[in-house]
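Report on the following structure.
The values are calculated or read from the model by the stated rules, or taken from the named source; none is laboratory data. All figures in this text were calculated on a predicted structure; none of them were measured in a lab. Neighbour counts are summed over all protein chains in view; Cβ atoms, including those assigned to glycine, are modelled from backbone coordinates with ideal geometry. Calculation scope for accessible area: heavy atoms of the full protein, side chains included, ligands and nucleic acids excluded. Shrake-Rupley method; radii C 1.70, N 1.55, O 1.52, S 1.80 Å.
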Amino acid sequence: MDPPLRFAGGFFTEIPVVVVTLSDGVHRGRGEAAGVYFLDETPPRLAAQIEGVREAVEGGIARAALGKLLPPGGARNALDCALWDLEAKRSGTPAWRLADLAAPVPLLTTYTLGADAPEVMAEGARGRYRDAKAIKLKLLGDGADAERVRAVRAAREDVWLGVDANQSFTSQQLNDLMPVLIDARVALIEQPCKVGREAELDGFASPIPLAADESVQGLTDIVALVGRFQVMNIKLDKCGGLTEALKMAKLGRRLGLGIMVGNMGGTSLAMAPALLVGQYCDIVDLDGPLFLKSDRPPALIYHQGLVSAPDAGWGAAA
C-alpha cells in the first residue's frame, strides 16, 4: 500500500487477498476477498475454507445455498461474488440486472486519511486528495484527535467530513470530542465504541449520526443496532458477499437505518460488487484501490470524487 494506512487497530502496508475463479469450461467468474482482519481471517485460512467446500461448489451450487455451506466472512464473499460474475457471463445479463437494480451510476465516495500527525493529514487532504469531495479521517483516541480534525477541516473547508474511531473511544472521550466534531461540521462518527460495549451508547443523543462497522457483521446483527446507531456499514468481506449485502441494505432501510457500504481493502475486483450495494446507500466508502501501488485491470474509475465501474470486468455480460 502506498501510503500505509494507520488506524486504531494497527496499520496496513499491504493487503493480501484470495481470488476465486469458477469456470464452466467456457465462461469464468471471479471474486476477491481480503477477509476480516479483526476476526483473524488470513488468506491461508480463507483458502482452506474454500478448499473445504470444493466438492459442493464443483457439484453446482446456487448462491442461496452458500449461506448454509459457509459462515459470513471472506471465504463466502469470494465464492458468492464469483458465482454472481459467472452467472452474468453465462447468461449475458449484467449483475446489476440480475440483482433487480437500475443501471449503476457514478457514486460519491469517501477518501480515507490514515491517522497521522495533524499537519500530515492536512497536507494529504490538500494534496493527494485534492479531487476528493468526501474525506474520512482515521482517529486513534490518543489525545490528538481534536487537532487532527481541526487541521483537516482548515485544509479543506469544502468537503463532506467523517471520522472513524475503529472502537477507540470511551463514552467520555466521545462526549469530550463532540464540540470539536460539531464545530468542524463532521457528518458521521463511525464505530466509536468497542464491540460488546454498545450499551454505552444507550441514552446518548448524538447530534452527529453514529455508524456501526465492527458492531455489525451480517443480517442477524442489524436489529440490535436500532436505538444505538443511526447508520450501518455493510462490507462484503464481513457479511459474506453481495447476496447477503443486498438483503442487509433492504432490511436496514426498513428499520430506518442509514445505509453505508465500505471495504476491507483490495483491488477493483473486490470493489465492483460493492459498488452495486452502493446504489442503495447514503454513504459510500469504496476507496480501497486508491491505496494500492497498482490495481487489477479493468480498474474502477475514480474521477473528481466519484467512483464508477468500467463496461468490462466483474459482473459485466460476456
- Examine the stretch 222-231 for a residue that is open to solvent by 60 Å² or more (accessible area, probe 1.4 Å), of a type in the set (D, E, K, R), assigned to a loop (DSSP other than H, G, I, E, B) and farther than 22 Å from Ala62 by Cα, and state whether such a residue exists. yes
- Of the residues Asp213, Asp237, Asp287, Asp282, which is touching a helix residue (DSSP H, G or I) at 6+ places or on another chain (Cβ under 6 Å) and closer than 27 Å to Ser308 by Cα? Asp237
- Message: Test of understanding: among Arg28, Arg45, which residue is over 27 Å from Ala316 (Cβ atoms) and at pLDDT 95 or above?
- Response: Arg45
- Item | Criterion (in contact with a Phe, Trp or Tyr (Cβ under 6 Å, 6 or more places away or on another chain) and more than 20 Å from Pro192 (Cβ to Cβ)) met by exactly one of Asp287, Asp311 | Asp287
- Restricting attention to the stretch 204-221, and to residues there that are farther than 19 Å from Thr170 by Cβ and over 16 Å from the mean Cα position of the chain (by Cα), which single residue is most open to solvent (accessible area, probe 1.4 Å)? Thr220
- Item | Positions within the stretch 178-226 being in contact with a Pro (Cβ under 8 Å, 6 or more places away or on another chain) and of a type in the set (Val, Ile, Thr), in sequence order | Ile182, Ile189
- Message: Need the failing condition index for Thr109 against (1) hydroxyl-bearing (Ser, Thr, Tyr); (2) more than 18 Å from Pro289 (Cα to Cα); (3) open to solvent by less than 20 Å² (accessible area, probe 1.4 Å), just the number.
- Response: (2)
- Quick one: which residue in Gly196, Gly203 is of a type outside the set (Lys, Arg), more than 30 Å from Val18 (Cβ to Cβ), free of Cβ contacts under 8 Å to residues at least 40 places away in the same chain and in a loop (DSSP other than H, G, I, E, B)? Gly203
- Message: Can you report the number of residues in the stretch 154-167 which are in contact with a Leu (Cβ under 6 Å, 6 or more places away or on another chain) and not aliphatic (A, V, I, L, M)?
- Response: 1
- Item | Test: Lys136 is open to solvent by less than 60 Å² (accessible area, probe 1.4 Å) and either outside any loop (DSSP other than H, G, I, E, B) or without any contact (Cβ under 8 Å) to a residue 40 or more places away in the chain (or both) | yes
- Message: For the stretch 139-163: of the residues being touching a helix residue (DSSP H, G or I) at 6+ places or on another chain (Cβ under 7 Å) and in contact (Cβ under 8 Å) with a residue 60 or more places away in the chain, which is least open to solvent (accessible area, probe 1.4 Å)?
- Response: Leu139
- Query: Would it be correct to say that Ile301 is surrounded by fewer than 24 Cβ atoms within 10 Å (Cβ to Cβ), farther than 19 Å from Tyr129 by Cα and among the aliphatic types (A, V, I, L, M)?
  - Reply: no
- Query: Yes or no: Ala146 under 17 Å from Ala184 (Cα atoms), in contact with a strand residue (DSSP E or B) (Cβ under 7 Å, 6 or more places away or on another chain) and in a helix (DSSP H, G or I)?
  - Reply: no
